[in-house]
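The structure appears right after this line, and notes come after that.
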Amino acid sequence: MKLFTNARFHSMDAPDDSYFALLECNGFIEELYRRPEDIPGAADAEIIDLDGAWVYPGFTDTHTHAFDGGLYSLCLDLGRCSSLREVLEALAEIRPLGGLAFAWNLDIHRITEGRFPDIEELDRVLPDIPLIVKRVDGHSCIVNSAALKAIPWRSGRAPDSFPLTREVSREASAWFQSMVDEEGILSAYDSAGKTAIKAGLTRVHTMVGDGGRDPRHFELLRDNLDRFGVDFVPYPQISDVRKALELGSPRVGGCLLSDGSIGSHTAALNSPYADRPDSSGELYQDDGHWYRFIRDAHRAGLQACVHAIGEAAVEQIAGVLKRVYTEDPKALRHQIIHCEMVSNRSLELLQGLPAAAPVQPAFDALWGGPGGLYEKHLGRERLDRCNRYASLSRAGVLVTGGSDWYITPLDPLGGIRAAVKLSNTAERLSIFDALRLYTVNAAKLIGMEARQGYLRKGYECDLSIVSGPAEIEESRIIGVVNKGKLLFLSERA
């Protein structure tokens with residue numbers, strides 16, 4: 001047994017409901033104590049003094065690409081580059097991994113030239129080793145000539161239009177990742193797990209699969225879940241419902257793309273982009289495709305998960321969900337992942353449905369607000385359609401918090417603060433509701449709210465320990481407990 005004491009333990013039952021101490025036994029919460037004098041004097045437990053810390057139910061990130069994030073943490077991060085010269089200098093020093101070169105997090109909006117390096121530039125610095133350079137949003141990339149020759153393109157010939165987007169970009173990324181062996185895959189998850197724990201997370205939802213029929217290393221991860229200090233919740237990121245059932249998964253899908261991203265001008269809008277009047281993005285599939293997928297998952301009792309960012313894409317998936325739930329009112333929490341641009345029409349369609357929206361508050365912190373990327377691409381008049389967390393919650397949608405890591409960092413504290421400070425002031429959440437995104441709501445998303453998400457007697461002892469109130473910028477993660485196991489604890493000061 002462990003007695004965690006001298007802290008403010010937030011139960012999440014009410015905004016001001018807290019305890020002074022918590023007793024853990026065999027991975028579960030044995031008892032909670034309001035005051036020091038309530039603690040039994042003869043408690044036979046290891047005493048852990050938390051020195052006035054603030055403690056919350058273990059934080060959960062409900063949408064990541066943890067393999068990609070773990071893999072890329074071992075590769076070249078271009079996020080600090082501000083010119084093509086800096087990009088090429090960094091690539092010239094890249095350390096290949098298994099005979100391949102991975103670079104990621106390139107933000108062309110921070111690059112003076114405002115573009116990807118071209119193939120000729122890449123070939124000058126890395127002529128012989130296959131190289132991929134991924135944009136910050138993961139929806140476009142560029143490869144060198146060695147990669148163009150090595151990838152067995154489904155069309156039978158290498159693409160000649162760059163940067164690569166949509167299916168061709170995913171095909172290139174999939175080939176690079178398919179070349180990583182089992183040891184490399186598990187090493188990537190080891191790295192991802194360590195990053196998650198350092199960020200204060202006890203649980204991480206992660207997408208595994210090619211978005212089609214190949215679940216890739218889903219079984220390898222599933223069979224090694226006890227290896228990691230953090231709890232991974234794997235999603236078979238495939239559209240094959242029968243295969244998901246064979247894998248024993250309670251859900252199917254993930255980032256199955258109904259559209260692309262705002263930054264790559266591939267998110268599906270209802271009217272043209274402000275800075276590209278010839279394009280409104282594009283819906284990647286018709287309504288019938290998504291109806292068949294979600295209907296089949298619904299009938300099989302599986303939670304269906306689909307990526308939608310632009311308002312047209314969110315409307316499309318919301319309309320399909322309305323139809324499926326109306327035909328068979330089964331309380332499965334199908335997910336509209338990202339749910340970034342939400343029209344009033346989407347809110348009407350989603351009203352009262354048991355749907356969920358795993359959102360990424362960091363998107364707004366990074367790209368929202370006056371002068372941000374969203375305003376540049378969408379125009380000021382459409383900013384009020386972005387990140388409508390309060391409106392979604394009022395409509396009955398279960399809103400949960402995630403990072404989309406590797407796209408943005410694993411950082412639940414940053415997500416909580418961003419949800420409280422959304423640039424769309426009408427959609428800001430209270431501190432308590434922002435905390436719920438990563439605790440109570442995350443547990444409800446996977447039907448575990450009777451065991452997780454709260455600090456209650458009999459619940460799993462998962463704790464995220466913070467130096468001060470989570471919403472305060474100066475506060476930082478100082479400890480994590482997962483099922484009673486203290487993973488780390490540093491000094492509060």
- line: Straight-line reach check, LYS134, cutoff 21 Å on alpha carbons, 8 or more apart in-chain or any other chain, hits among lysines -> LYS149
statement: Computed Rg/Rh for the range 31-153 (Cα atoms; Rh = Kirkwood radius) stands at 1.32
Rounded to the nearest 20 debye, dipole of the range 278-377 from Cβ charges on Lys, Arg, Asp, Glu: 460
query: Taking +1 at the Cβ of each Lys and Arg and -1 at the Cβ of each Asp and Glu, which of THR326, SER346, TYR374 sits farthest along the dipole of the range 317-409 towards its positive end, judged by Cα position relative to the Cα centre?
result: THR326
- line: Residues whose modelled amide H sits under 5 Å from the amide H of ILE262, counting only those 5 or more places away in sequence or on another chain, are ALA267
message: For the range 132-227, which trypsin sites (Lys or Arg not before Pro) pass both filters: DSSP loop (anything but H, G, I, E, B) and at most 12 other C-beta atoms within 10 Å?
response: ARG154, ARG157, ARG213
query: Can you list the lysines whose alpha carbon sits under 28 Å from that of LYS483, skipping same-chain ones fewer than 8 residues off?
result: LYS2, LYS194, LYS198, LYS444, LYS457
field: Cleavage-rule hits, GluC sites (Glu not before Pro), the range 146-248, DSSP coil, Cβ neighbours within 10 Å at most 10
entry: none
statement: Taking N as the residue count of the range 394-481, its alpha carbon Rg divided by 2.2 N^0.38 Å gives 1.12
- prompt: Taking Cα centroids, how far is the range 287-353 from the range 155-199 in Å?
  reply: 28
message: Ignoring everything except DSSP H segments at least 4 long, calculate the 222 nm mean residue ellipticity for the chain; use -39,500 (n - 2.57) per segment, divide by total residues, nearest 500.
response: -8500 deg cm²/dmol
query: For the range 382-427, rounded, prolate or oblate, judged on the Cα gyration tensor with a ≥ b ≥ c (square roots of eigenvalues), a/c < 1.5 rounded, else prolate if a/b > b/c?
result: prolate
- line: The farthest towards the positive end of the charge dipole of the chain, of the residues LEU78, GLY254, TYR406, given +1 on Cβ of Lys and Arg and -1 on Cβ of Asp and Glu, is GLY254
query: About its Cα centre, what dipole magnitude does the chain give when the only charges are +1 on Lys and Arg Cβ and -1 on Asp and Glu Cβ, stated in debye to the nearest 20?
result: 840
query: Between (1) 58; (2) 65; (3) 53, which matches percent of Cα pairs over 28 Å apart calculated for the structure shown?
result: (3)
field: Sites matching trypsin sites (Lys or Arg not before Pro) across the range 73-118 that sit in DSSP coil, with at most 13 neighbouring C-beta atoms within 10 Å
entry: ARG80, ARG115
field: Against the rule of thumb 2.2 N^0.38 Å, how large the Cα Rg of the range 165-234 comes out
entry: 1.18
- prompt: Any idea what the dipole of the range 338-414 comes to, in debye rounded to 20, about its Cα centre with Lys/Arg Cβ at +1 and Asp/Glu Cβ at -1?
  reply: 200
- prompt: Roughly how many Å² of MET1 are accessible to a 1.4 Å probe, to the nearest 10?
  reply: 100
task: Compute the Cα gyration tensor for the range 83-167, then decide on rounded, prolate or oblate, letting a ≥ b ≥ c be the square roots of its eigenvalues: rounded whenever a/c is under 1.5, prolate when a/b is larger than b/c in the other cases, and oblate in all that remain.
output: oblate
- prompt: Quick one: net charge of ILE477's neighbours, Cβ under 15 Å, K/R +1, D/E -1?
  reply: -2
message: Please report the antiparallel percentage of DSSP beta bridges with both residues in the chain, rounded to the nearest 5.
response: 45
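The values are calculated or read from the model by the stated rules, or taken from the named source; none is laboratory data. Bear in mind the structure is a predicted one, so any value in this text is a computation, not a measurement. No Cβ is skipped: glycine too gets one built from the backbone with ideal geometry, and neighbour counts run over all protein chains shown. The protein model used for the area step is the full one, side chains on, heavy atoms only, and it has no ligands, DNA or RNA in it. Shrake-Rupley method; radii C 1.70, N 1.55, O 1.52, S 1.80 Å.
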